[in-house]
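Remarks on the structure that follows.
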Amino acid sequence: MDDHVGPEATILVVDDEERVTDLYATYLEDLYSVQRAYGGEEALETLDDDVDVVLLDRRMPALAGDEVLKRLREEGYDCRVVMVTAIEPDFDIVDMQFDEYLVKPATEEDVKDAVETQLLLDSYDTRLDEYFRLKAKLSTLEDQKPYHELEADDRYEELTVLAESLREDLERMLREYDELDFSASEFEDA
């Protein structure tokens with residue numbers, strides 16, 4: 001999560017009820033850079049590659065959250081999406097490409113935890129990609145070069161140390177993820 005601490009992370013809060021948008025934005029403003037959209041069309045107009053997490057209401061007039069989600073995925077945005085909605089989940093969510101689903105009313109803790117979790121997972125993905133790239137380079141060198149040449153090259157040693165450091169970071173992040181309080185309570189009544 002170190003990559004997204006403070007205003008470096010951008011959160012887009014989308015709800016057609018202005019007071020809800022403003023409330024959720026207020027929860028997050030001290031921690032992140034927060035943008036607001038008061039409807040689906042405005043969300044798509046506001047969305048750009050800088051947005052890390054979208055808090056998206058599902059039931060909105062004109063352009064529903066389901067359609068906003070579908071369009072942002074079709075347009076290639078890879079931001080994390082948390083559906084925050086009064087709609088109880090049903091099997092229709094199976095085909096939806098969101099990352100988390102919160103049923104309203106969502107508390108300040110719920111909103112902050114959801115954003116933190118998504119940023120942690122996003123950071124994990126980035127570091128995991130980097131780790132696999134380093135491991136591929138190490139493997140290629142180890143397959144092609146004799147041990148004495150590897151041992152004599154500082155760049156190989158740097159790659160080895162960096163890969164080990166990333167592996168340790170990933171393990172730490174997994175432990176943090178496991179420690180987060182995930183509750184399926186919103187699905188118990190569905």
With the structure loaded, tell me whether Asp122 is under 30 Å from Tyr77 (Cβ atoms), in contact with a His (Cβ under 9 Å, 6 or more places away or on another chain) and not aliphatic (A, V, I, L, M) or whether it fails that test. yes
Filter result (in contact (Cβ under 8 Å) with a residue 40 or more places away in the chain and either over 15 Å from the mean Cα position of the chain (by Cα) or farther than 14 Å from Ile11 by Cβ (or both)) within the stretch 121-139: Leu121, Ser123, Tyr124, Thr126, Arg127, Leu128
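Only one residue in Asp95, Asp99 is within 22 Å of Val51 (Cβ to Cβ), without any contact (Cβ under 8 Å) to a residue 24 or more places away in the chain and charged (D, E, K, R). Which one?
Numbers: Asp95 fails: within 22 Å of Val51 (Cβ to Cβ).
Of the residues listed, the single one that is within 22 Å of Val51 (Cβ to Cβ), without any contact (Cβ under 8 Å) to a residue 24 or more places away in the chain and charged (D, E, K, R) is Asp99.
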Consider Arg155 carefully, then state whether it is in a helix (DSSP H, G or I) and within 24 Å of Ala9 (Cβ to Cβ). no
Quick count over the stretch 21-46, residues being open to solvent by 10 Å² or more (accessible area, probe 1.4 Å), within 17 Å of Asp99 (Cβ to Cβ) and either free of Cβ contacts under 8 Å to residues at least 12 places away in the same chain or among the aliphatic types (A, V, I, L, M) (or both), is 0
Take the residues in the stretch 78-126 that are more than 18 Å from Val20 (Cβ to Cβ) and among the aliphatic types (A, V, I, L, M), then tell me which one is surrounded by the fewest Cβ atoms within 10 Å (Cβ to Cβ). Val94
Would you pick out the residues in the stretch 49-77 that are open to solvent by 10 Å² or more (accessible area, probe 1.4 Å) and acidic (Asp, Glu)? Asp49, Asp50, Asp52, Asp66, Glu67, Glu74, Glu75
(1) in contact with a Lys or Arg (Cβ under 9 Å, 6 or more places away or on another chain); (2) more than 9 Å from Leu12 (Cα to Cα) all hold for Asp49 apart from (1)
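Can you confirm whether Leu159 is touching a Phe, Trp or Tyr at 6+ places or on another chain (Cβ under 8 Å) and not small (Gly, Ala, Ser)? Spell out the reasoning first.
On the way: touching a Phe, Trp or Tyr at 6+ places or on another chain (Cβ under 8 Å): no; not small (Gly, Ala, Ser): yes.
Spelling it out, it is not the case that Leu159 is touching a Phe, Trp or Tyr at 6+ places or on another chain (Cβ under 8 Å) and not small (Gly, Ala, Ser).
Each row is one residue, and each column tells you yes or no for (1) closer than 30 Å to Ala114 by Cβ; (2) modelled with pLDDT of 90 or more; (3) in a helix (DSSP H, G or I).
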residue	(1), (2), (3)
Ala163	no, yes, yes
Leu166	yes, yes, yes
Asp169	yes, no, yes
Met173	yes, no, yes
Tyr177	yes, no, yes
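The values are calculated or read from the model by the stated rules, or taken from the named source; none is laboratory data. These numbers come from a predicted model, not from an experiment. So basically every Cβ, Gly included, is an ideal-geometry build from the backbone, and we count neighbours across all protein chains shown. Accessible surface is based on the protein model in full, side chains and every heavy atom, while ligands, DNA and RNA are left aside. Shrake-Rupley method; radii C 1.70, N 1.55, O 1.52, S 1.80 Å.
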